[in-house]
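Worksheet for the structure shown next.
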Amino acid sequence: MTRPLIEAPLQFRTSSGGERAKHNALITCPKCEAPSFIRRSTRVTERVKHIDAHCTNTGCGHTFGLELVFRHSYNPGLLERPDLDLPVCPRDQVPHILPPERGRDDPNQITMFGSG
Ligand SMILES: [Zn+2]
């Protein structure tokens, strides 16, 4: 007997995972919107980087150059660099960005040990 209730979440996971990968691509081809690889990046100044990219869509094959420009700091961080005079984002516009977690420690594991 087949159980559609089990198949449904699997299908959902597959499609949403594909969507996420597409939206997470650092560079998107402006012509076909396929994810694009970064071939090379050149630091022009502390605030500007030039990036050479190529589209992963073999039916497109677009290669292009991008300019990555520093916009503003959300959290100035721990280092003092007054020489850079970096603009700071207004407080009410700061998005919730967390630095990547160190290692792959599962927070549930700590809870398990703590309450165990
Ligand atoms: Zn393309």
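Every read-out reported here was derived from the displayed coordinates using simple, explicitly stated rules and does not represent laboratory data. Bear in mind the structure is a predicted one, so any value in this text is a computation, not a measurement. Virtual Cβ from ideal backbone geometry, glycine too; neighbours counted across all protein chains shown.
Extension gain, His54-Val69: 0.36 nm per intervening residue step, less the Cα-Cα distance, totals 3.5 nm. For the charge dipole of the range 38-92, defined by +1 on Lys and Arg C-beta atoms and -1 on Asp and Glu C-beta atoms about the Cα centroid, which residue among Gly59, Val88, Thr45 has the Cα displaced farthest towards the positive pole? Looking along the dipole axis, the top candidate is Gly59.
Extension gain, Thr45-Arg81: 0.36 nm per intervening residue step, less the Cα-Cα distance, totals 11.5 nm. Summary of packing: across the peptides 82-95, 44-57, 64-77, the per-residue average of other C-beta atoms within 10 Å ranks them, highest first, as 44-57, 64-77, 82-95. Starting from the Kirkwood Rh over alpha-carbon pairs, what translational D in µm² s⁻¹ does the range 38-92 have by Stokes-Einstein at 4 °C and 1.567 mPa s? In µm²/s, the coefficient is 95. Taking a Cβ cut-off of under 14 Å around His62, the surrounding Lys, Arg, Asp and Glu residues balance to a net charge of 0, with basic ones at +1 and acidic ones at -1.
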